[in-house]
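Everything below concerns the one structure shown next.
The values are calculated or read from the model by the stated rules, or taken from the named source; none is laboratory data. Computed from a predicted structure; not experimentally measured. Here the Cβ positions follow ideal geometry from the backbone for every residue, glycine too, while neighbour counts run over all protein chains shown. The protein model used for the area step is the full one, side chains on, heavy atoms only, and it has no ligands, DNA or RNA in it. Shrake-Rupley method; radii C 1.70, N 1.55, O 1.52, S 1.80 Å.
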Amino acid sequence: MEENIEVIFNDFFKYKSGKFYAEEKSVEDIAKRYGTPCYLYSYHSLLSRIKKFKEAFNGVNTLICYSVKANSNISILKIIKEQGMGVDVVSGGELRRALLLNFPPNKIVFAGVGKKDEEIELGVKNHIYCFNIENEDEIDIIEKYARMYRRKVICNLRLNLDIDVDTHHYIKTSKKETKFGLDIHSAGNILRKHRNNKYVEIKGFHLHLGSQLKDTPPYTRALDNVKIFCKENNFSPEIIDLGGGFGIPYSSEDRVKDIEDFGVAIKEKIKEIGGKFLILEPGRYIVGNTSVLLCRVLYVKRRQDKNFVITDAGMNDLVRPAFYGSYHTIIPAKKSRGVKYIKADIVGPICETGDYLGKDIEVPDNIKRGDILIVGSAGAYCFSMASNYNSRPRPCEIMVRGTRDFVIRKREAYKDLWKGEL
Ligand SMILES: Cc1ncc(COP(=O)(O)O)c(C=O)c1O
């Protein structure tokens, strides 16, 4: 069980004298103080991910718009803003979060396959930088509001180039059988139709290919196709928005290209196309490995052919394993020396067989009620997908910065569960 966990936890989460720490705080102390389940973030880990991402795309004119859906906590968004980044939003709620935090409107991009009229109006009224278009009718609605607010709105056409990517099929977004983007014929028609539109200016393309991509070829292939499309349609794009998708390791065996390699490959292609302005929408890369979920062992069930460790965190707190079959590294908060390891399924208390956090995970043979387990890579698509299923209040979120810790979201109270119900 001596996994090389540094690739997942970086320098900011590690064992010190057998106890697991987030920066300078023992996770057992955090669990004791705030209870479990509890999402625990490292401030410095977040800063370091942002820095690495920015450095990888140095040298081209780039706007980095963090993808709010990955984790929309306002403390995290505030740090993102302080670091000069913009945001990619996909709903009125996400846009309102960005406006609440005073993100500069010219750093907000709005994507999404089903934008409502009121969401489009909110974006136009607040002068956001651009809309990424997935449907011809959407342009008519944008035009209506652009006319009403007397402004010209920038739009990029989201292309569906039928690019396959090596990831879970629920998060592939560029195959032609998915709902996303415009096929090249519709995109060509839209370009011709709106060339001289007074209210809508099509400046380029949007290409989010999928999430958790581990290598560069899908990006370079997509950009090669964009180049051909531009030539065929006699169009010079000013903006290329490549979306997000940059993968992270969830286990010590995951092989993911460094962000520098993505940077090199993408920058070269952007120069070839002659795109003047690159937009990127990373979510998972920025926050995925900056957080862990702490949970407490409630029971250990030993059967002849199988062991179960039942924790106080379930699929309502962290749904990725149940939803996508995703793997998360799970380790104990206290390292036991010289003990045997056994395999167990780490499961939650919810009434679903699919309610698990990990299958066949190695745990110390002496694991017992009250022990704290750490679920790694819990920063992206974890809290933001949490629900109240089984009438369970959602966990608290805590951020550690050096020796200090801050509540960045209170644990939900039982009364929050029925708030608004009549
Ligand atoms: C349009 C768009 N941009 C960006 C992202 C962020 O992707 P990731 O978290 O993989 O970087 C997503 C995720 O689904 C998306 O749909």
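Remark: spin-label model distance Arg96-Ser336 equals 4.8 nm, labels positioned 7 Å along the Cα→Cβ axis. With 0.36 nm allotted per residue and the present C-alpha distance subtracted, the Lys276-Tyr299 stretch has 2.5 nm of extension available. For segment 72-282, the solvent-accessible area with a 1.4 angstrom probe is 44 square angstrom per residue. Ranked by the mean number of other Cβ atoms within 10 Å of their residues, highest first, the peptides 147-156, 41-50 come out as 41-50, 147-156.
Highest mean packing comes first when the peptides 410-416, 348-354 are listed by Cβ atoms within 10 Å, giving 348-354, 410-416.
What is the helix-to-structure angle for 184-193, meaning the angle in degrees between its Cα long axis and the longest Cα principal axis of the chain, kept from 0 to 90 and rounded to the nearest 10? Result, in degrees: 40. Of the trypsin sites (Lys or Arg not before Pro) in segment 189-264, the ones in a loop by DSSP (not H, G, I, E or B) with at most 13 other beta carbons within 10 Å are Arg195, Lys198, Arg255.
Rolling a 1.4 angstrom probe over segment 355-420 with all protein chains present gives an accessible area of which 49% lies on carbon and sulfur atoms. The alpha carbon gyration tensor of segment 210-271 gives principal lengths a ≥ b ≥ c with a/c of 1.5 or higher and a/b greater than b/c, which makes the shape prolate. Cross-link list Lys107/Lys231; Lys78/Lys410; Lys32/Lys334; Lys78/Lys107; Lys78/Lys125; Lys214/Lys271: which exceed 20 angstrom alpha carbon to alpha carbon? The answer is Lys107/Lys231; Lys78/Lys125; Lys214/Lys271. Please compute the length gained on full extension between Arg147 and Glu412, using 0.36 nm multiplied by the number of residues separating them and subtracting their Cα-Cα distance. Result for the pair: 91.1 nm of gain on full extension.
Sorted on the mean count of surrounding Cβ atoms within 10 Å across their residues, most packed first, peptides 89-102, 128-141 read 128-141, 89-102. Applying the criteria of a DSSP loop state and at most 14 other Cβ atoms within 10 Å to the trypsin sites (Lys or Arg not before Pro) of segment 300-334 yields Arg303, Lys306. Roughly speaking, to the nearest percent, how much of segment 72-282's 1.4 Å accessible area is carbon and sulfur? After summing per-atom areas, the C and S share lands at 46 percent. For the chain, the Kirkwood radius over C-alpha pairs fed into Stokes-Einstein at 37 °C and 0.692 mPa s yields D = 145 µm² per second.
Going by the alpha-carbon gyration tensor, a ≥ b ≥ c the square roots of its eigenvalues, is segment 72-282 rounded (a/c under 1.5) or, if a/c is not under 1.5, prolate (a/b greater than b/c) versus oblate? Oblate, since a/c reaches 1.5 and b/c is not below a/b.
Mean separation of Cα pairs under 8 Å and 6 or more residues apart, divided by the residue count, gives segment 72-282 a relative contact order of 15 percent. Length available on full extension from Lys343 to Lys179: 0.36 nm per residue minus the Cα-Cα distance, which gives 55.1 nm.
Surface analysis of segment 360-422 yields an accessible area of 54 Å² per residue, using protein heavy atoms and a 1.4 Å probe.
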